[in-house]
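The values are calculated or read from the model by the stated rules, or taken from the named source; none is laboratory data. Everything numeric here is computed off the predicted structure, so don't read it as measured data. Every residue, glycine among them, receives a Cβ derived from its backbone with ideal geometry; neighbour counts consider all protein chains shown.
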């Protein structure tokens, strides 16, 4: 059995927040019809590389138009990108916070090492001076 680290109330609150976010995103579903793709009117005057790029753009736009002329494929991609953005924002924040915490811990470790060395020097100095006095 797993240890009870998080209460059920916290989990249910987070689940409600997650579902509310997904609901807000799903209500923003507003597909815009795709325009029918056309080649650049100055296609014959373009350099070779620009023609290749224009043909690739035209083919991709034609494929998108053939699959979803009403724009739902584009809106589906937009929806999942929004969702990914919302849920991936905490990851960089946690990475930055983890880096900051590790840097602080490293500084504390160096400070404690320095203090321990100073205490050791004082103890050795005291021991050697106490032997000379006797």
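Scanning segment 7-38 for residues that are out of contact with any helix residue (DSSP H, G or I) (no Cβ under 9 Å at 6 or more places or on another chain) and outside any helix (DSSP H, G or I), which turns out modelled with the highest pLDDT?
Initially, segment 7-38 is screened for residues out of contact with any helix residue (DSSP H, G or I) (no Cβ under 9 Å at 6 or more places or on another chain), giving 7-17, 19-20, 23-24, 27, 33.
Cutting the leftovers down to outside any helix (DSSP H, G or I) gives us 7, 33.
Numbers: 7: 65, 33: 85.
Filtering first and then ranking leaves 33.
Only one of these conditions is not met by residue 2: (1) more than 27 Å from residue 85 (Cα to Cα); (2) in a loop (DSSP other than H, G, I, E, B); (3) modelled with pLDDT of 80 or more. Which number is it?
Condition (3) is where residue 2 drops out.
Each row is one residue, and each column tells you yes or no for (1) surrounded by fewer than 10 Cβ atoms within 10 Å (Cβ to Cβ); (2) closer than 25 Å to residue 24 by Cα; (3) at pLDDT below 85.
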position: 81; (1), (2), (3): no, yes, yes
position: 84; (1), (2), (3): no, yes, yes
position: 87; (1), (2), (3): no, yes, yes
position: 91; (1), (2), (3): yes, yes, yes
position: 95; (1), (2), (3): no, no, yes
position: 106; (1), (2), (3): no, no, no
position: 111; (1), (2), (3): no, no, no
position: 116; (1), (2), (3): no, no, no
position: 123; (1), (2), (3): no, no, no
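Considering (1) in contact with a helix residue (DSSP H, G or I) (Cβ under 7 Å, 6 or more places away or on another chain); (2) exposed (fewer than 12 other Cβ atoms within 10 Å of the Cβ), say which one residue 42 fails and leave the rest.
Of (1) in contact with a helix residue (DSSP H, G or I) (Cβ under 7 Å, 6 or more places away or on another chain); (2) exposed (fewer than 12 other Cβ atoms within 10 Å of the Cβ), only one is false for residue 42: (1).
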